[in-house]
Each structure stands twice: as structure tokens, then as C-alpha cells.
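Have a look at the structure below before the remarks.
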Amino acid sequence: MKPLKFHADSKLSRRTVLGVAVAGAALGAGLPAQAQSKTVLRISTPAVPDDWHAKMWTVFKDALEKSAPGEFDVQINLNASLFKQGTEPAAMARGNLEMTTVSSQDISKLVPEFSIFTAGYIVRDPAQQQKIFNGPIGTEMFKLVADKMDITPLATAYLGTRQVNLREVRNVKTPADLKGVKLRMPGSKEWLFLGEALGATPTPLAFGEVYLGLKSGTIDGQDNPLPSVKAAKFYEVTKQLVLTSHLVDGIFISIASKAFKALSPANQQKVMAAAQVAAAYNNENRIKEEGELVAFFKKEGLQVTTPDLDAFHKTVQAAYQNSDYAKVWPKGLLDRINATK
């Protein structure tokens, strides 16, 4: 392109050309600026597409778009495709990730006080779980998380309630009735302590070996939420479900504190509200699924029984209160949780 030549009598004055150039530059800069004006929220989750924990992120995205149209670019990454499970908090602290779900187990590694929520019979059911974390206790515990991990929990998503699944039928009413039962537990000392507190003989075994272990008799039982029992087909090699409901677990929809603080107060509220909507969607569907699975297992021939939950509750909590685990729990917190109705 030949450069423009100017003459005194030229119809295109320098002022005009300069104005056109400035306008063009502004127009050219304006397009990407508009595109970049959206706040990017990168989400990493290990959940698979069919999991309610994956679907709830779409609910979050839709709710946020409805309340703040055009203001956010929500990028959902499933199957741990962006970050491996457990590495998300570190990525958030580095500024490489905005949002994820964090488990009580992951939180307790850096916030020991939070380990109370990894213990048996602390949380009674999903309804109490929501009351705990949506009330003063949640506010206090989430502040500890924000202070020590630089992430801000926004909502509590129900993960599932663990039940005991036995190879042979037993009359289980109290923890004493599980004496001698080789109960498969995940391999960490925390999980093995829980198995022992339940009255059983905890036996560490990799999840992938549980089916064969049940089939061969290497183990007498295992514990997992009902959706996991179905997915792994443990009902094919067991005869009984004992609805001990010994661990009501949850994961926390969280945002990097730096990203959260960068939002306007109005948008902070919108992000938090969208997270609450997403968690409610997950909770409703997961609870419904668990309820339907009881009927499924009965149809498959399993005996489904409910023990004396009060006896289990008292025995397991006593075991924890007399252990080293309870030493890091904030004073009076267990009583406050138990009093939450």
C-alpha cells in the first residue's frame, strides 16, 4: 500500500486522516477489550459427565448467566482434564484456576480443625449437613479455610452417605455385632480408624480389588455410598446392606479468594447465589438417587436392614473423642454440631 501524500490543496486534510486513524485504532482496540471484559472462571472437576457433580456446574453457569448476563466466561473442565484431583487448591493459590470442588479430606490436610467432618457420625444426614454449613459453624470453618488456603467455599454439595455392605447376612444392631468382620476400608490411617470405631476389623484394600475380595472371601464387607455399590456391582457378590449411615460426606464449591475479591460486591453475591443453586440441584438429585437405589438392591436380592443408629452414633463418637484426632477440633464444636437440628 502506497503512503498517502499531502498537498496544501488536498481535500483530505491531515486533521481528517488523523481523526480516521485514531478512530480506527479505537475501533480495533475496542473489540478485544469488549471480549476481555468478561470475567473468566475456569472450573476443574474430576467428575464424569453423567455425575450430578458434573451436571451441577452447568446449572451454576446457567444461573450466573441469568443473573449477570454477558459478564462471565465460565469454562467447565470435567474428568480432571485441567488439573488432577487433589491438586486444584494449589493451582488456585497460584492463580491458575478459579473454581473447583474441595473435599473435607483435602481441606483437613491444611486445616486440621476441619478433620472433624471426616469422622464418623459427626453429620447425621444431608439436611443437617446443609444446616451446619449454611449456619454459624459453616461461617467460622469456611473462614479458617479462606485464611489458611486462600480459597473461599461458596456452597456445600452432598457427596453421599456411606453404608456397610456384607458378603453374608448378619444380625447387626450395634457395633459389637460387627466384631471380627473384615471390613474393607481405604488404606489411610484415618479410614482404618473409622472401620475400627464401627466395631469391625478394618482391612485395607485397593478399590479395584474389592469385588474379587468379596467374591473370594478375603474380606467380609465394604463401605461406600450406594451409588458406588451399584456402579462397582458389589451387589453381585454381597447379600446384605446395613444402613449404618456412618459418614455423611460433602464437597465444597469453592473459588480462589484472589479471584473472588477481584469481583464487585454485587457480582460476589451473584457467584455465591449461583453456587447455592448448583449445590441444591446436586443435593436434590443425589438424595433422590440414593433413595431409589434401596429398592434396586432389594430387587437384586439383597437384605436391607437398619441397625440401632443411636448405639452406633454413641460408640463411634466416643472412640473419636478419646483419640488424638479430637485434640485439634475446636473446643465445643462437636457439641454445637450435635445440637444442630
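Filter region 257-309 down to residues that are of a type in the set (F, W, Y) and surrounded by 16 or more Cβ atoms within 10 Å (Cβ to Cβ) and give me whichever is nearest to T238 (Cα to Cα).
Among those that are of a type in the set (F, W, Y) and surrounded by 16 or more Cβ atoms within 10 Å (Cβ to Cβ), it is F297.
I'm checking my understanding of the structure. Among residues of region 175-194 that are of a type outside the set (A, V, I, L, M, F, W, C) and at pLDDT 95 or above, which one is surrounded by the most Cβ atoms within 10 Å (Cβ to Cβ)?
So the residue we want is R184.
Return a yes/no flag: does region 86-105 have any residue that is more than 18 Å from S254 (Cβ to Cβ) and surrounded by fewer than 22 Cβ atoms within 10 Å (Cβ to Cβ).
Keep residues of region 86-105 that are more than 18 Å from S254 (Cβ to Cβ), which gives none.
No, there is no match, as no residue in region 86-105 is more than 18 Å from S254 (Cβ to Cβ) and surrounded by fewer than 22 Cβ atoms within 10 Å (Cβ to Cβ).
Could you figure out which of (1) in contact with a helix residue (DSSP H, G or I) (Cβ under 9 Å, 6 or more places away or on another chain); (2) farther than 15 Å from S257 by Cα isn't true of K84?
(1)
Tell me which residues, restricted to region 42-57, are out of contact with any Asp or Glu (no Cβ under 9 Å at 6 or more places or on another chain) and in a helix (DSSP H, G or I).
H53, A54, K55, M56, W57
Could you give every pair whose Cβ atoms fall below 6 Å, whose first residue belongs to region 308-336 and is in a loop (DSSP other than H, G, I, E, B), and whose second residue is surrounded by fewer than 18 Cβ atoms within 10 Å (Cβ to Cβ), counting only separations of at least 6 or pairs across chains?
Pairs found: D308/K173; D308/T174; P330/E113.
The values are calculated or read from the model by the stated rules, or taken from the named source; none is laboratory data. All values derive from a computational prediction rather than experimental measurement. We place every Cβ from the backbone using ideal geometry, glycine too, and count neighbours over all the protein chains shown.
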